[in-house]
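Below: one structure, written as structure tokens.
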Amino acid sequence: DGGITQSPKYLFRKEGQNVTLSCEQNLNHDAMYWYRQDPGQGLRLIYYSQIVNDFQKGDIAEGYSVSREKKESFPLTVTSAQKNPTAFYLCASSRVTGTGAYEQYFGPGTRLTVT
Amino acid sequence: AQSVTQLGSHVSVSEGALVLLRCNYSSSVPPYLFWYVQYPNQGLQLLLKYTSAATLVKGINGFEAEFKKSETSFHLTKPSAHMRDAAEYFCAVSGAAGNKLTFGGGTRVLVKP
């Protein structure tokens, strides 16, 4: 079955620690995305990547970092610089056109709690 | 720049009644529009999408949406609500290079028996 996997489902960390969230896809999609979801605020784009070894900041990139060394993988690191890291994090992927016609497919999410 | 407004953060409907979720967008380019559904603690699942082929779009689970350019709207409807429709629904717009989606704030649907 093709799809997107995110691990772990729940993650707990102490304040001041960096933490890396995993995202893997076997859909052969070129583009991958990371979103943050907070209650009542919809989804906000953190980073996205359209091709291996290249990525761009989204709307709320401060305190986060990513890498795209393989087409299938797009890990997100939440650094200690992120002021309010507790949230639900969603990874997505899509094919790419210049027009935005392709839908994004989402993983099941990782709920990060930092105390 | 693109933006999406979903009117009503919460909607309550009776089982069997019409579901109507409102979405208005702004886009500087011809838009592609999407509706997603999210069940608690899960990712988003695509319900339907508008990509200019037809203004009335049918999706999964009995949902449909109509693109109205003059009203810049893409409202989602279902004639008869079922208990399993209780979820959060997101409208999104794309049109920029890179397939970036801009999401609305979401509408949580409660279905009363």
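Inspect the stretch A:88-109 for any residue being away from every other protein chain (no Cβ under 12 Å) and not hydrophobic (A, V, I, L, M, F, W, C) and give the result as yes or no. Lay out the reasoning, then the answer.
Going through the stretch A:88-109, the residues away from every other protein chain (no Cβ under 12 Å) turn out to be none.
Checked the stretch A:88-109: no residue is away from every other protein chain (no Cβ under 12 Å) and not hydrophobic (A, V, I, L, M, F, W, C).
Name the one entry in B:Lys69, B:Lys100, B:Lys112 that is more than 28 Å from A:Ile4 (Cβ to Cβ), modelled with pLDDT under 95 and not aliphatic (A, V, I, L, M).
From the options B:Lys69, B:Lys100, B:Lys112, the qualifying one is B:Lys69.
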### Any hit, the stretch B:84-105, residues being crowded, with 16+ Cβ neighbours inside 10 Å, over 19 Å from A:Ser93 (Cα atoms), free of Cβ contacts under 8 Å to residues at least 40 places away in the same chain and not charged (D, E, K, R)
yes
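Return a yes/no flag: does the stretch B:84-91 have any residue that is among the small types (Gly, Ala, Ser), under 18 Å from A:Ala101 (Cα atoms) and at pLDDT 95 or above. Spell out how you get there, then give the answer.
Taking the stretch B:84-91 and keeping what is among the small types (Gly, Ala, Ser), we get B:86-87.
From what is left, the residues that are under 18 Å from A:Ala101 (Cα atoms) are none.
No, the stretch B:84-91 has no match at all.
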### Query
For the stretch A:1-96, which fully contained strands (runs of 3 or more DSSP E) count at least 3 residues that are surrounded by 20 or more Cβ atoms within 10 Å (Cβ to Cβ) and in contact (Cβ under 8 Å) with a residue 60 or more places away in the chain?
A:19-25, A:31-37, A:87-94
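Can you list the strands (runs of 3 or more DSSP E) lying wholly within the stretch B:5-48 that have 1 or more residues being buried (at least 18 other Cβ atoms within 10 Å of the Cβ) and within 11 Å of another protein chain (Cβ to nearest Cβ)?
Where strands (runs of 3 or more DSSP E) fall fully within the stretch B:5-48 and carry at least 1 residues being buried (at least 18 other Cβ atoms within 10 Å of the Cβ) and within 11 Å of another protein chain (Cβ to nearest Cβ), they are B:32-38.
Which of the following residues is surrounded by 21 or more Cβ atoms within 10 Å (Cβ to Cβ), small (Gly, Ala, Ser) and either out of contact with any Lys or Arg (no Cβ under 9 Å at 6 or more places or on another chain) or not in a strand (DSSP E or B) (or both): B:Ala54, B:Ala81, B:Ala65? Walk me through how you get there before you give the answer.
Numbers: B:Ala54 fails: surrounded by 21 or more Cβ atoms within 10 Å (Cβ to Cβ); B:Ala65 fails: either out of contact with any Lys or Arg (no Cβ under 9 Å at 6 or more places or on another chain) or not in a strand (DSSP E or B) (or both).
Exactly one residue qualifies, and that residue is B:Ala81.
Before we move on, is A:Pro75 touching a Ser or Thr at 6+ places or on another chain (Cβ under 7 Å) and more than 22 Å from B:Gln45 (Cβ to Cβ)? Step through it out loud before you land on a result.
Working: touching a Ser or Thr at 6+ places or on another chain (Cβ under 7 Å): yes; more than 22 Å from B:Gln45 (Cβ to Cβ): yes.
It is true that A:Pro75 is touching a Ser or Thr at 6+ places or on another chain (Cβ under 7 Å) and more than 22 Å from B:Gln45 (Cβ to Cβ).
The values are calculated or read from the model by the stated rules, or taken from the named source; none is laboratory data. All values reported here derive from a predicted model rather than from experimental measurement. Methodologically, a virtual Cβ is constructed for each residue, glycine included, from the backbone with ideal geometry; neighbour enumeration extends over all protein chains shown.
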